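Notes follow once the structure below has been shown.
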Amino acid sequence: MNLRQATPADLPFVMETERWFCAQGFVGIDEAPVHQAQMASPDCLYLIVEENGAPAGFAILRGLANPNGSVELKRVAIAEPGQGLGRRFLRSLLQLVFDQYGAHRLFLDVYPENVRARHLYQKLGFVEEGVMRECVRVEDRYRSLILMSLLEAEYRRL
Ligand SMILES: CC(C)(COP(=O)(O)OP(=O)(O)OC[C@H]1O[C@@H](n2cnc3c(N)ncnc32)[C@H](O)[C@@H]1OP(=O)(O)O)[C@@H](O)C(=O)NCCC(=O)NCCS
């Protein structure tokens, strides 16, 4: 596994992966201009995880310039899930966020039905803060999201 910062050339992979998992109801999706603007922002970091030299997943961090040290894991996806890569990727990501960026808190939201992701986040020490009830409109219905976070002290204890 190799971690590297994404470049604009990675956007087709990022968007294709998020489109695939959006269709399954696991993640949201953004248009190219949104990704391009975020990628250029010092507040954001796009990461690519590679396996055997090829992109295998991505993650988007936001809030790196947040004065409260509250960083958001905006999106994460592994192209071929369920093989242990997500856990290894997220462990490296936690190291990066807390050790390199000195964050105080890493938070994310996840659909209640996404049991695989919730299981993994819980195993990594994330705590459920509550449910944001019917906070996003997806086509013709509203969906809820569970807010989860991991504090630096909790990360260090693990
Ligand atoms: C969430 C995601 C990043 C995790 O990466 P991954 O490579 O699949 O994760 P891993 O294989 O390392 O670990 C998955 C864990 O979930 C468990 N799991 C798999 N399917 C599960 C299910 N249906 N219910 C509960 N747990 C499940 C696995 O057993 C494993 O846990 P274990 O190590 O304790 O056995 C990946 O599945 C993914 O990209 N999913 C689609 C996009 C997505 O949901 N992104 C997150 C949005 S918040």
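Nothing in this text is a laboratory measurement; each read-out follows from the coordinates by a stated rule. Keep in mind it's a predicted model, so treat the numbers as computed, not measured. Counting neighbours? That spans all protein chains shown, and the Cβs are built from the backbone with ideal geometry, glycine included.
Numerical summary
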| read-out | value |
| --- | --- |
| Karplus-derived HN-Hα couplings along the range 20-28 (A = 6.51, B = -1.76, C = 1.60, θ = phi - 60°), whole Hz, x at Gly and Pro | 4, 7, 5, 4, 8, x, 8, 9, x |
| Check: the range 2-157 dipole with +1 on Lys, Arg Cβ and -1 on Asp, Glu Cβ, in debye | 440 |
| Cβ-based charge dipole, the chain, positive-most Cα from Y121, Q38, G25 | Y121 |
| Cβ crowding within 10 Å averaged over residues, with 23-29, 92-98 ranked highest first | 92-98, 23-29 |
| Relative contact order of the chain, pairs being alpha-carbon contacts under 8 Å that are 6 or more residues apart, as % | 17 |
| Nonlocal amide H pairs with K74, under 5 Å, H built at 1.01 Å | I60, L61, R62 |
| DSSP-assigned coil residues among GluC sites (Glu not before Pro) in the range 57-158, each with at most 15 further Cβ atoms within 10 Å | E113, E139 |
| Rg to Rh quotient for the chain, alpha carbon positions, Kirkwood Rh | 0.93 |
